[in-house]
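Structure record follows, encoded as C-alpha cells.
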Amino acid sequence: MRLRNWLLTGTSIGLLAVAPLPANAQSADLQSAIAAYQQAQSSGDSAAIEAARADLTEWCIVAGYANIEECIASAGGAPAAAPVPDNSAAEEEAARAAEEARAAEEARAAEEARAAEEARAAEEARAAEEARAAEEARAAEEARAAEEARAAEEARAA
C-alpha cells in the first residue's frame, strides 16, 4: 500500500473514532420510561399516558433530547403510534347507553302522554262542572222567575 492510502485510511479512521455518533446505548431508566410510555399509550388510559409522558419528558431532557419523539426514535423505533383501541367494549357501552337513552325517552313520552291525558280529563271535569253549575243557575233563575210570576198572579187576583 502506498503512503497516501495509509494516510487517508488512518485519517478517516481517526475522524470516525472521535466523531460524535448518536448513542444507541441509553440509560436503563430512559429505556424503562419509554417502555412505560408505550405501554400506557397501548392501554388508552389518559391519566396513565400523562403520567408516563411526564416521566419520559424528564428522562429525555436528562439525556439531552429536544423532544419526546426524538428520544423515542433514538431508542431504535419510531414514536409509538396511537394504539388501535379494542372498540368492542366501547361499542357495547355505547349500545347500552343508546338503549338506556331510548328507554328513558319512551318513559318520558309515556309520562307526558299520561300527564296530557290527566290534564284533558281534568279540563273535561271542569267543563262538566261549569255546565252543571250553569244549568243549576238557569234552573234557579227559571224557578225564581216562576215564583215571581206566581206571586204577581196572586197579587193581581187578590
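Each reported figure results from applying straightforward, stated rules to the coordinates on display, with no laboratory input. In this text, all values refer to a predicted model and were calculated from it rather than measured experimentally. Note that each Cβ is placed from the backbone with ideal geometry, even for glycine, and that neighbours are counted across all protein chains shown.
Data for the structure
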quantity: Size of charge dipole - the chain - debye, nearest 20, with Cβ of Lys, Arg +1 and Asp, Glu -1, no other charges; calculated: 2020 debye
quantity: Backbone HN-Hα couplings from phi across the range 121-132 [Karplus 6.51/-1.76/1.60, Hz, Gly and Pro as x]; calculated: 5, 5, 5, 5, 5, 5, 5, 5, 5, 5, 5, 5
quantity: Choice from Ala89, Ala128, Ala101 with maximal GNM fluctuation in the chain (Cα, 10 Å cutoff); calculated: Ala128
quantity: Angle in degrees between helix 28-43 and the longest Cα principal axis of the chain, rounded to the nearest 10; calculated: 30 degrees
quantity: Whole-Hz ³J(HN,Hα) from phi, Karplus 6.51 cos²θ - 1.76 cosθ + 1.60, for the range 89-98, glycine and proline x; calculated: 5, 5, 5, 5, 5, 5, 5, 5, 5, 5
quantity: Net charge contributed by nearby residues that have their C-beta within less than 12 Å of Glu154 (K/R +1, D/E -1); calculated: -1
quantity: Gaussian network model of the chain, springs between alpha carbon atoms under 10 Å - residue of Ala125, Ala52, Ala73 with greatest fluctuation; calculated: Ala125
quantity: Added length on full extension, which subtracts the Cα-Cα distance from 0.36 nm per residue, Asp29 to Ala140; calculated: 29.8 nm
quantity: Charge dipole of the chain about the Cα centre (unit charges at C-beta), most positive-ward option of Ala119, Leu16, Ala137; calculated: Leu16
quantity: Cβ-based net charge around Glu142, under 15 Å, with every Lys or Arg adding one and every Asp or Glu removing one; calculated: -2
quantity: Radius 12 Å from Cβ of Glu105, net charge of other residues (Lys, Arg +1; Asp, Glu -1); calculated: -3
quantity: Helix axis angle, 46-63 relative to the chain longest principal axis, alpha carbon, degrees; calculated: 20 degrees
